[in-house]
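One structure is given below, encoded as structure tokens.
The values are calculated or read from the model by the stated rules, or taken from the named source; none is laboratory data. Worth saying up front: this structure is predicted, and the values here are computed from it rather than measured. When we count neighbours, we look across all protein chains shown, and the Cβ atoms used for this are built from the backbone with ideal geometry, even at glycine.
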Amino acid sequence: MATRLIAARPMAGPPIAARRARGRRTVAGAARRLARLAIAAIVAAGCAGPAYAPTYPPTGSTPQPATSVETGAARSAVVAALTAAGLQAGDADQPYQPQEGPWFAAAPRSTIEVTIPGEGTPRFVVVYAFDSPADAATAAADQASYVSHGVGLAYFPSDSRFTIRVLGATAIFFTWSPGNADPRTQEIETALDTIGTAVTIPR
């Protein structure tokens, strides 16, 4: 008797509709995971607290020069102290604006240029004018915080030294880096230390 051979049938896969449903579930699961990651990132950013975000004058603008009698007196005191230390000082003949927190950035100012013998690049001292001694003290404290934390700190060399003084309704600012300046630049700092009241730089 002849034996009839029956071909084996291939195993059937899941129905097409089932495969499509499984694909949709996979895509939906991936979307949910991405959403959870995005929410976690937003929450983490919120917990970090707001960053110090100083404001600056619009691009291309120039802060107004200070013209008050008190500002003129402060400028004269700075020039006199620098001259007494044997340094040549006078009104700057070129633009200069250091990195500033919002109070200093918005204030009118006088810029004093100081020449260190033998050094090609002059140094600058800035006198900022405010409406009152209280405002000057607040602005000086704000600048002290700005240069020692966050984005402000990143703008200056790691060995930078800062002098911030308050004299009446004005604030005086000077910065230099011993690693990038003639050692005699220290004399500017020493001369300024004889003027007004010092503002402590947080560390």
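A53 passes every criterion in (1) modelled with pLDDT under 50; (2) surrounded by 14 or more Cβ atoms within 10 Å (Cβ to Cβ); (3) not aromatic (F, W, Y) apart from (2). The condition (being buried (at least 16 other Cβ atoms within 10 Å of the Cβ) and at pLDDT 50 or above) is satisfied by just one residue among A73, A66, A80, A84: A66.
Taking (1) closer than 16 Å to E70 by Cβ; (2) modelled with pLDDT of 95 or more in turn, D131 satisfies each apart from (2).
Looking across the stretch 149-165, the residues that are of a type outside the set (D, E, K, R) and under 20 Å from T185 (Cβ atoms) come down to Y155, F156, P157, S158, S160, F162, T163, I164.
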